[in-house]
Amino acid sequence: MIDRAAPRRPARPAAGPADGSPGWLVRAAAAPVICSVLLLGLLSAWVVTGGDGTISRVRIDITEASVAEPTQPGGPAAMYLTMVNLSGGDRLVSVTTSAARRVEFVRRKGTAQGLGQQLTSISVPARATVNLNPFTTDIVLVGPAPMTAGRTVSITLTFARAGRVTVAAAVTPPGTP
């Protein structure tokens with residue numbers, strides 16, 4: 001019997017440098033280095049063109065929050081508080097509470113009586129303190145739930161820049177801020 005096996009070919013060396021050689025190490029490290037340099041360049045260009053934006057935390061503290069118990073059941077209830085803006089200018093754009101059907105901003109002209117002018121927002125200047133009281137600007141709870149002096153009402157104030165701030169406002173006897 002004649003054996004017709006294919007003749008053996010001599011082994012050829014690999015196309016690139018052998019594992020562990022200096023050329024192989026350079027090629028293995030090149031891809032991550034190139035990617036890092038490219039990413040750093042793109043991020044730098046983004047920052048230089050203003051793509052990074054500005055990071056500034058607007059902070060408003062609320063103190064002395066109170067709601068005057070309505071003089072008649074179901075009548076409007078005035079809310080008073082002090083807003084201390086510890087950063088850039090902002091606006092109070094809405095107030096929500098489960099203790100009233102709706103909430104309004106009202107500007108009064110030196111007297112606690114009368115309807116006053118309804119506002120869409122209340123300005124809170126940078127690094128300033130704004131007092132909402134019965135003689136200037138206040139918040140009115142329209143159609144409030146029954147309230148009892150000595151209890152608290154949860155109120156959420158929403159600012160254009162600072163976002164939401166929730167406070168527990170003390171319910172005070174009628175006619176007292």
Quiz item: Is segment 121-128 home to any residue that is surrounded by 14 or more Cβ atoms within 10 Å (Cβ to Cβ), under 26 Å from R59 (Cα atoms), at pLDDT 90 or above and of a type in the set (K, R)?
Solution: no
Quiz item: Considering segment 142-177 alone, what residues qualify as being over 30 Å from A126 (Cα atoms) and either modelled with pLDDT of 95 or more or in a loop (DSSP other than H, G, I, E, B) (or both)?
Solution: A145, P146, M147, T148, A149, G150, R151, P173, P174, G175
Self-check item: Hey, A169 touching a Pro at 6+ places or on another chain (Cβ under 9 Å), farther than 13 Å from I60 by Cβ and surrounded by 14 or more Cβ atoms within 10 Å (Cβ to Cβ) or not
Solution: no
Quiz item: Which one of these is modelled with pLDDT under 80 and surrounded by 10 or more Cβ atoms within 10 Å (Cβ to Cβ): D19, D52, D61?
Solution: D52
Quiz item: Taking Y80 and the conditions (1) modelled with pLDDT of 90 or more; (2) loosely packed, with under 15 Cβ neighbours inside 10 Å, which numbered condition does it fall short on, given that it satisfies the others?
Solution: (2)
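The values are calculated or read from the model by the stated rules, or taken from the named source; none is laboratory data. The structure displayed is predicted, hence computed values, not measured ones. Using ideal geometry, Cβ is built from the backbone for each residue, glycine included, and neighbour counts are taken over all protein chains shown.
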